[in-house]
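Let me begin by presenting the structure, written as structure tokens, before commenting on it.
The values are calculated or read from the model by the stated rules, or taken from the named source; none is laboratory data. Keep in mind that what you see is a predicted model, and the values were worked out from it rather than measured. A quick note on method: Cβ atoms are made from the backbone with ideal geometry, for glycine too, and the neighbour counts reach across all protein chains shown. Remember, those area values only see protein heavy atoms, side chains included, never the ligands or the DNA or RNA. Shrake-Rupley method; radii C 1.70, N 1.55, O 1.52, S 1.80 Å.
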Amino acid sequence: MGSQVWCSMSDLSAESLADPFAATPGDESHLPPAPWTLHGEALIGFKLVPEDLARRLIPPDARIFRVWPGRTVAMLYLSEYRQSPVGEYRELIFAPALVRRKGRIGFWIAHILVDKHRSLLAGRAIWSLPKQAASIQWNDGCVRLSGPQVKLQVVATRPRAMVRLPFAGAAMSMLGPAESWFPVRGAAGIGLARARVEVADEIGLSALGFGGVSTFIFCRHMRVTIQRPTMLSSGASNHEPDPHRPPDCSRS
């Protein structure tokens with residue numbers, strides 16, 4: 001692998017990491033509607049995890065989608081978006097399992113942390129994402145995060161070779177009574193990176209093995225589109241129905 005960029009773990013807990021939402025909140029009106037197209041880079045880690053461990057981190061009525069007997073896939077996604085409908089921001093997504101729910105399959109987003117207020121507002125209002133505020137620093141393969149119930153540092157190598165590939169997936173989330181499913185599509189220069197992860201958390205990252213040294217997918221020059229959500233349950237959320245989507249008769 002390529003050269004490594006190291007940063008100090010002591011910086012992670014420094015009080016100098018200011019709350020990015022301590023300032024006056026942004027305007028909750030005029031949020032850009034979905035779909036959103038974002039540009040930036042990301043580090044993505046996947047773990048094959050025991051079903052019984054993942055079960056504790058998802059809704060009790062969600063069915064785990066097994067990719068191997070007794071096992072599902074968990075995902076840790078870290079990104080820095082340099083262009084988005086609400087400007088530059090950084091994000092952590094933790095999905096402890098693939099789930100099948102109400103006729104849909106996708107990663108269950110249990111926790112999502114962002115460092116910009118308008119991204120938080122839009123994530124909650126449009127996709128029913130349980131976004132919370134965090135301090136996140138991103139510096140060429142070194143990510144430091146301090147947020148509710150989690151402190152994290154990831155230091156990754158830079159891949160020697162990368163190839164541009166398309167990707168597609170889907171995710172589900174819930175905020176209060178509102179629950180949504182939405183597809184994600186994009187393309188990026190993709191390579192494999194060795195990453196050292198130091199984490200202290202109460203959300204399940206450590207329990208599912210996201211710690212120590214492991215292989216991550218490094219995405220550069222990424223362009224990703226987050227599609228409009230399909231609502232799986234109603235709630236006080238300002239989603240617009242998609243008039244071009246046929247009814248889903250498979251929902252329970």
Based on what the data block shows, is residue 186 under 16 Å from the mean Cα position of the chain (by Cα) and open to solvent by 10 Å² or more (accessible area, probe 1.4 Å)? yes
In this structure, does residue 146 turn out to be farther than 14 Å from residue 78 by Cβ, hydroxyl-bearing (Ser, Thr, Tyr) and part of a strand (DSSP E or B)? no
How many residues does region 124-146 contain that are under 30 Å from residue 231 (Cα atoms), of a type in the set (Lys, Arg) and over 13 Å from the mean Cα position of the chain (by Cα)? 1
State yes or no: is residue 147 more than 23 Å from residue 46 (Cα to Cα), modelled with pLDDT of 95 or more and not aliphatic (A, V, I, L, M)? no
Would you check which residues across region 209-252 are within 25 Å of residue 54 (Cα to Cα), surrounded by 10 or more Cβ atoms within 10 Å (Cβ to Cβ) and either among the acidic types (Asp, Glu) or modelled with pLDDT under 50 (or both) and list them? 251
I'd like to know if region 158-177 contains one or more residues that are open to solvent by less than 10 Å² (accessible area, probe 1.4 Å), within 20 Å of residue 209 (Cα to Cα), in a strand (DSSP E or B) and not β-branched (Val, Ile, Thr). no
Residues that are of a type outside the set (A, V, I, L, M), open to solvent by 10 Å² or more (accessible area, probe 1.4 Å) and touching a residue at least 60 places away in the same chain (Cβ under 8 Å): list the strands (runs of 3 or more DSSP E) wholly contained in region 30-140 that include at least 2 such residues. 36-50, 104-108, 135-139
Can you name the residue in region 27-44 that is acidic (Asp, Glu) and farther than 14 Å from residue 123 by Cβ and, of all such residues, is modelled with the highest pLDDT? 41
